[in-house]
Amino acid sequence: MKIISVVGARPNFMKVAPFCRALKAYSDVQHILVHTGQHYDVRMSEQFFKELDIPNPDINLEIGSGSHAEQVGRTMIAFEKVLRAERPDWVVVLGDVNATCACSITAKKEHVKCAHIEAGLRSRDMNMPEEINRLVTDRLSDLLFTPDRLSNANLNAEGVPDEKIKFVGNIMIDTLEREREKAVALDINQIARENLIDELFGRDVPALEDRGYVAMTMHRPSNVDQRETLEPAMRFFLDEVTKEYPMVWAIHPRAQKMLKEFGLWDEVIANPNMILVKPLGYHAMLRLNMGARLFMTDSGGLQEECCVLGTPCLTMRWNTERPITLMENGGASILVGNAVEKMREAYRSQINAERHAMRPELWDGKTAERIAKVLVES
Ligand code: UD1
């Protein structure tokens, strides 16, 4: 059996690592790993391959940055050539990035079966590019591997027949469980010092203690692309949060670019309690999460990691495709959107909250094995 799996952007890498490993158990499977090249910086891509022992991609489509149409279009054109040359039995796509959508369309047009890992998540927010990617991919896929039973219900409601849906658990948690010990061993102050952004390099930063800092990531267009949203949020972080706790913000290139464009950058970097670090590697981010008093994020994956680690999490979105991680469902996350009053209220209610780890059904570290077995027996 020949399987091509496709990755493109950072959140794919921690999902593909256990899948590559699980396929190795089957000597009659030929596995080809394709990287679309959407993320290309060492810190957004290569570092994860090294840290997580992901084999080097067999093929890199080198599509790079661009508008969504450019990224999806370039990926489809390049991936069609790969499919015509390789004629695999399956194309496996993961998550909800542009590579996921582009390669599922290309596979189906080339009459190749497609399997989607992390199927059935729905935010019902069509302003989110990822929601469009999820809908298209799930509609086209022949096998849909879901992380939770809520996702099965979403697919059922859309008319997907049961025989296509396989509830296997969350593959990202396979990686978390495998890498946990390495993360625990890291020193949080060393992480902060070694990853400071260039402008802050060499500056004394406040000493960090476990449960003594707030961690943050923020990169979604809905949070960073408009001044009316970004500026009040920054006021809250700079004037309120950093007055109480140091914040460690692993800043995405998009957020950095927008802060500069809106003239907010100088003030952000001047704040001694705002520790801006470059995009972190997998283990460093896991360690940051383990020690955080509170996590503020708009990332989907971090909501899930906070849930399993028990870190109180304020999700800076109005909706989530991962409702299983919400506090009302036993998880660690509260939706706060990008309204400062809501952020403040949730911050006050959670800043002194106890950690409360929750493990949804089948988030047990064995998801990739279940997926590989289903695929090989298909
Ligand atoms: C993508 C995913 C998003 C995911 C995020 C995680 C889609 C639709 N979105 O969004 O789901 O949460 O990755 O990071 O696929 N850039 C660099 N270096 C890189 C890559 C990008 O500097 O290696 C910069 C470029 O200026 C680029 C911008 O970041 O324009 C945004 O990158 P892009 O790949 O378009 O989407 P993300 O916002 O990263």
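Structural remarks
- Here the condition is being over 15 Å from residue 214 (Cβ atoms), touching a His at 6+ places or on another chain (Cβ under 8 Å) and either crowded, with 20+ Cβ neighbours inside 10 Å or modelled with pLDDT of 95 or more (or both); of 281, 310, 300, it holds for 310 alone.
- Filter result for residue 251 (of a type in the set (A, V, I, L, M), open to solvent by less than 10 Å² (accessible area, probe 1.4 Å) and within 18 Å of the chain's Cα centre (by Cα)): yes
- The condition (being open to solvent by 20 Å² or more (accessible area, probe 1.4 Å), within 14 Å of the ligand (Cβ to nearest atom) and assigned to a helix (DSSP H, G or I)) is satisfied by just one residue among 66, 73: 73.
- Selection within segment 91-111 - more than 16 Å from the ligand (Cβ to nearest atom) and touching a residue at least 40 places away in the same chain (Cβ under 8 Å): 91, 92
- Considered as a group, the residues in segment 78-87 that are surrounded by fewer than 24 Cβ atoms within 10 Å (Cβ to Cβ) and within 27 Å of the chain's Cα centre (by Cα) include one that is nearest to residue 145 (Cα to Cα), and that residue is 83.
- Test for residue 107: is it over 20 Å from the mean Cα position of the chain (by Cα), farther than 30 Å from residue 265 by Cβ, of a type in the set (A, V, I, L, M) and surrounded by fewer than 21 Cβ atoms within 10 Å (Cβ to Cβ): no
- Residues that are open to solvent by 40 Å² or more (accessible area, probe 1.4 Å) and not small (Gly, Ala, Ser) within segment 1-38 comprise 1, 10, 11, 21, 24, 26, 28, 30, 31, listed in sequence order.
- Residues in segment 169-190 that are surrounded by 12 or more Cβ atoms within 10 Å (Cβ to Cβ), of a type in the set (A, V, I, L, M, F, W, C) and more than 20 Å from the chain's Cα centre (by Cα): 184, 186, 188.
- Note on segment 224-306: enclosed helices (runs of 4 or more DSSP H) holding 1 or more residues that are more than 16 Å from residue 199 (Cα to Cα) are 227-236, 253-261, 282-291.
- Just so you know, in segment 1-44 the residues that are touching a strand residue (DSSP E or B) at 6+ places or on another chain (Cβ under 7 Å) and part of a helix (DSSP H, G or I) include one that is farthest from the ligand (Cβ to nearest atom), and it is 23.
- Of all residues in segment 112-123, exactly one satisfies the criterion of being more than 16 Å from the ligand (Cβ to nearest atom) and within 18 Å of the chain's Cα centre (by Cα), namely 120.
- With respect to being open to solvent by 10 Å² or more (accessible area, probe 1.4 Å), more than 19 Å from the chain's Cα centre (by Cα), of a type in the set (A, V, I, L, M) and under 24 Å from residue 321 (Cα atoms), residue 155 falls outside the description.
The values are calculated or read from the model by the stated rules, or taken from the named source; none is laboratory data. Not measured: the values here are computed from a predicted model. FYI the Cβ positions are ideal-geometry reconstructions off the backbone, even for glycines, and counts take in every protein chain you see. Remember, those area values only see protein heavy atoms, side chains included, never the ligands or the DNA or RNA. Shrake-Rupley method; radii C 1.70, N 1.55, O 1.52, S 1.80 Å.
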